[in-house]
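Have a look at the structure below, then the notes.
The values are calculated or read from the model by the stated rules, or taken from the named source; none is laboratory data. Quick caveat: nothing in here was measured; it's all calculated off a predicted structure. Quick reminder, even Gly has a Cβ in these numbers, built from the backbone with ideal geometry, and neighbours come from all protein chains shown.
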Amino acid sequence: MKARPTFEKRRKEKARQDKKREKAEKREQRKLEKDNQEPVLDEDGNVIEDPDIAGIVPGPQPLPPEFGDFEDDASQ
């Protein structure tokens with residue numbers, strides 16, 4: 001006779017819930033660490049801007065030079 005499927009299903013569901021709870025705890029911990037993180041300052045006490053996003057403004061960005069005159073090609 002086979003084992004009852006409800007027992008196996010209950011065990012899997014418990015494992016799924018435990019994993020979900022652990023992930024939520026880790027997510028909350030990372031959020032708290034990020035919120036409590038001090039900003040990086042230079043020698044004058046000014047906040048240093050992230051070099052990956054320095055100079056980026058919201059909205060559409062201009063095309064890089066390697067794309068050339070894309071707009072001119074589209075109008076032909």
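For Gln37, indicate whether it is without any contact (Cβ under 8 Å) to a residue 12 or more places away in the chain and either surrounded by 10 or more Cβ atoms within 10 Å (Cβ to Cβ) or of a type in the set (A, V, I, L, M) (or both). Against the criterion (without any contact (Cβ under 8 Å) to a residue 12 or more places away in the chain and either surrounded by 10 or more Cβ atoms within 10 Å (Cβ to Cβ) or of a type in the set (A, V, I, L, M) (or both)), Gln37 does not qualify.
Out of all the residues in the stretch 46-54, is one or more among the charged types (D, E, K, R), modelled with pLDDT of 75 or more and either surrounded by fewer than 10 Cβ atoms within 10 Å (Cβ to Cβ) or in contact with a Phe, Trp or Tyr (Cβ under 6 Å, 6 or more places away or on another chain) (or both)? No, that holds for no residue.
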